[in-house]
Amino acid sequence: MSSTEVINKKENQTNYIVTRTSELLYLGFFGIMLFAKGIGLYDGQNTYKLFLVLAFLCIAVKMCLTEYSYKEWAVISILLILSIIVYQVSGEKGILICTVTVVAMKNVSLKRAFRVGLCVWSVAMAGRFLVSLIWIENVEIAVQTKNITGAVLRYFMGYPHPNVLHISYLVLAAFVIYCVKETYSLKHLLVLAAGNLFVFFYSYSYTGALIVMIYICLSYYVSKREISKIEYFIVELLFPFCILFSIIFPLILRGKAFELADKIFNNRINFARHFLTLENMSLVGNNLAEITTDVITMDNAFVFALVIYGIPVFLLICSGYLRTVSQYVKQRKNIELAMICCFLVAGITEPFLFNTSFKNLTLLFLGEQLFQVLRKKEPKQKEIAIFKNKDKCIALPVGWIKTPMNGLKGLWEEHKKAIWTVGMITALLFCIMAGVFYQPTTEVLEIAKENLLVFERIRVMITAFLFGFIAAAIVMCAGMKIVGSSKKHI
C-alpha cells in the first residue's frame with residue numbers, strides 16, 4: 001500500500017487529522033507565540049526572545065516549503081522588505097510579527113489555527129493565573145481610584161498591566177466563540193460573562209470588561225438572527241469611524257468637546273494629539289522609545305500604527321481591513337465580523353492590535369483575504385517553492401485526546417444535574433467561608449481607603465466560589481469514573 005493510500009485511509013478515520021508539514025509549522029509558530037504571551041512574557045526578556053526565535057524559525061521553514069506564484073512571491077517580498085526597513089527605524093518588532101502572521105497564512109486552515117489557539121491560550125492563561133493566585137502575595141499590584149468604585153486594588157497576575165490581563169480574556173472569549181461558532185448559545189454567553197466578571201475583580205479594567213461584554217452579546221445576537229442590510233452597512237462604516245475618531249477627532253476637536261472626549265477616554269485624546277504632528281508623519285515610521293515616556297504613552301492602536309510604522313504601512317492596514325470587512329459582509333460571516341468590530345473598537349483605547357502583544361486574532365482573516373485577492377484574477381498560476389516537493393502530508397493521531405474527552409462529555413451528559421447541584425452547594429459554602437474568614441494582608445491594610453477592603457472581600461469570595469465549583473466538579477467526575485469502572489469489572 002502506497003503512502004498516499006495510507007494517508008487517505010487514515011483521513012477517513014476520526015482518530016487521525018491529516019495536514020501538511022507547512023501548515024503544521026505555521027500552527028507551531030502560532031502556538032509558540034501564543035504560549036509566550038499567554039504566560040505573560042514580553043519584549044525585552046531573554047525567554048521571550050528565545051520563543052520569538054523558535055517561532056520565526058517555524059515560519060521561515062514553512063515559507064520555504066509552501067508553493068507561491070510569482071505574484072505572491074513579489075507581494076510577500078515587498079511586504080517583508082518594507083517591514084524590515086520600518087523595524088530598523090522604529091525598533092518595534094511588532095511590525096515583523098504582524099507581517100509574517102499575515103503573509104505566511106497560505107494553505108493554513110483558519111479553523112485549525114483557532115482550535116490550536118484555544119488549546120494553547122487556555123492552558124497558558126489558566127496556568128499563569130493559577131500560579132499568580134497561589135503566590136498572590138508576590139503579584140504586582142497598583143492602587144487606582146475609579147470614578148464609580150473609588151479606590152481599588154488592581155492585580156497584574158503575571159502580565160505587564162491589569163489592562164493586558166483583561167485583553168487576554170477578550171482573546172480567550174474570541175477563541176471560544178469562533179470554535180463553537182454557529183452553536184454559540186446562551187449557556188456559552190453566561191459562562192463567558194461570569195468569567196468576565198471574575199477577571200474584572202482582578203483587573204478593574206472598565207474598558208476591557210465593557211468590550212468583552214459587548215463582544216459576547218454581539219456574537220450571540222448575530223448568531224441567532226438574520227442581519228439586515230442597514231446593520232451590514234453600519235459594520236462597513238466601523239473601521240472608517242475608528243480611523244476618524246483616532247486620527248481626525250484629536251486634531252479637529254476644540255473647547256468643551258475636546259475636554260469631554262478626553263475625560264471619557266482617560267486623556268487618550270490629548271495623548272493622540274501630542275503624537276499626531278507633521279514631524280511624526282513619516283514613510284518609514286519613528287522610534288517608539290524616543291517619542292514616548294512612562295507618562296506620555298500611546299494607547300491607541302491606530303495612532304500607534306500611523307506614527308510608529310509610517311504612512312505606507314498604515315495605508316496597507318487600512319486597505320486590508322476595508323477589503324476583509326467588505327468580503328465578509330458579502331459572505332455573511334457574522335461571527336468573524338463581530339470579532340473584527342470589537343477588536344477594532346478595543347484598539348481605540350488599547351495598543352494591542354499592531355504591537356508585539358500577539359493578541360490581534362483578526363490578522364488571520366487579513367492573511368486569508370490576501371491570498372484570495374492574489375489568486376482571484378489568475379487562479380491557475382504557476383507556483384514554485386524554495387524546497388520543492390518537500391511539503392508532505394502528515395497523519396496525526398488524535399485518538400489519545402478524543403477518547404478521554406468523549407468519556408468526560410458522556411459523563412457530564414449522564415450526571416449533569418448531580419454535578420451542578422453538588423458543585424453549586426460546594427461553591428456557595430466556599431464563598432461564605434471565604435467571606436467570613438477573610439483577613440486582609442498587612443500590605444492591603446496599609447493602603448486601605450474608601451471601599452477598597454469591601455472589593456477585596458468580594459474578589460476573594462468570587463474566587464472561592466469559582467474554585468469551589470471546579471474542585472467539586474472534578475471530584476464528582478473522578479468518583480463517577482471510578483464507580484463506573486468498578487461496575488464494568490464486576
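Okay, here's what the table says:
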item	result
Count of residues meeting criterion [among the hydroxyl-bearing types (Ser, Thr, Tyr) and free of Cβ contacts under 8 Å to residues at least 60 places away in the same chain] in the range 21-36	0
Residue in the range 451-474 that is open to solvent by 30 Å² or more (accessible area, probe 1.4 Å), among the acidic types (Asp, Glu) and either under 30 Å from Lys146 (Cβ atoms) or assigned to a helix (DSSP H, G or I) (or both) present	no
Flag if Ser122 is surrounded by fewer than 17 Cβ atoms within 10 Å (Cβ to Cβ), out of contact with any strand residue (DSSP E or B) (no Cβ under 8 Å at 6 or more places or on another chain) and outside any loop (DSSP other than H, G, I, E, B)	yes
Test: residue in the range 183-202 that is in contact with a Pro (Cβ under 8 Å, 6 or more places away or on another chain) and open to solvent by less than 70 Å² (accessible area, probe 1.4 Å)	yes
Residue that is nearest to Leu361 (Cα to Cα) [pool: residues in the range 159-182 that are among the hydrophobic types (A, V, I, L, M, F, W, C) and surrounded by fewer than 18 Cβ atoms within 10 Å (Cβ to Cβ)]	Cys179
Residue that is most open to solvent (accessible area, probe 1.4 Å), among those in the range 218-272 that are among the charged types (D, E, K, R), outside any loop (DSSP other than H, G, I, E, B) and modelled with pLDDT under 90	Lys256
Selection within the range 273-285 - open to solvent by 70 Å² or more (accessible area, probe 1.4 Å) and in a helix (DSSP H, G or I)	Arg273, His274, Leu278, Glu279
Unique residue being in a helix (DSSP H, G or I), open to solvent by less than 50 Å² (accessible area, probe 1.4 Å) and over 18 Å from Arg375 (Cβ atoms) when the list is Gly40, Gly117	Gly117
Test: residue in the range 97-106 that is at pLDDT 90 or above, open to solvent by 30 Å² or more (accessible area, probe 1.4 Å) and not in a loop (DSSP other than H, G, I, E, B)	no
Boolean, Lys382 is in contact (Cβ under 8 Å) with a residue 40 or more places away in the chain and exposed (fewer than 12 other Cβ atoms within 10 Å of the Cβ)	yes
Flag if Val53 is open to solvent by less than 30 Å² (accessible area, probe 1.4 Å) and not basic (Lys, Arg)	no
Residues (without any contact (Cβ under 8 Å) to a residue 24 or more places away in the chain and either among the basic types (Lys, Arg) or not in a helix (DSSP H, G or I) (or both)) located in the range 125-140	Trp135, Val139, Glu140
Residue match in the range 423-434 (condition: open to solvent by less than 100 Å² (accessible area, probe 1.4 Å), at pLDDT below 90 and either of a type outside the set (Gly, Ala, Ser) or not in a helix (DSSP H, G or I) (or both))	no
All positions within the range 330-351 that are farther than 20 Å from Leu244 by Cα and open to solvent by 20 Å² or more (accessible area, probe 1.4 Å)	Lys330, Gln331, Arg332, Lys333, Asn334
Output for the range 84-95, where each listed residue is assigned to a helix (DSSP H, G or I), under 17 Å from Ser357 (Cα atoms) and in contact (Cβ under 8 Å) with a residue 40 or more places away in the chain	Ser90, Gly94, Ile95
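The values are calculated or read from the model by the stated rules, or taken from the named source; none is laboratory data. Bear in mind the structure is a predicted one, so any value in this text is a computation, not a measurement. Every residue, glycine as well, gets a Cβ built from its backbone with ideal geometry; the counts of neighbours run over all protein chains shown. What goes into the accessible areas is simple: the full protein's heavy atoms, side chains included, and nothing from ligands, DNA or RNA. Shrake-Rupley method; radii C 1.70, N 1.55, O 1.52, S 1.80 Å.
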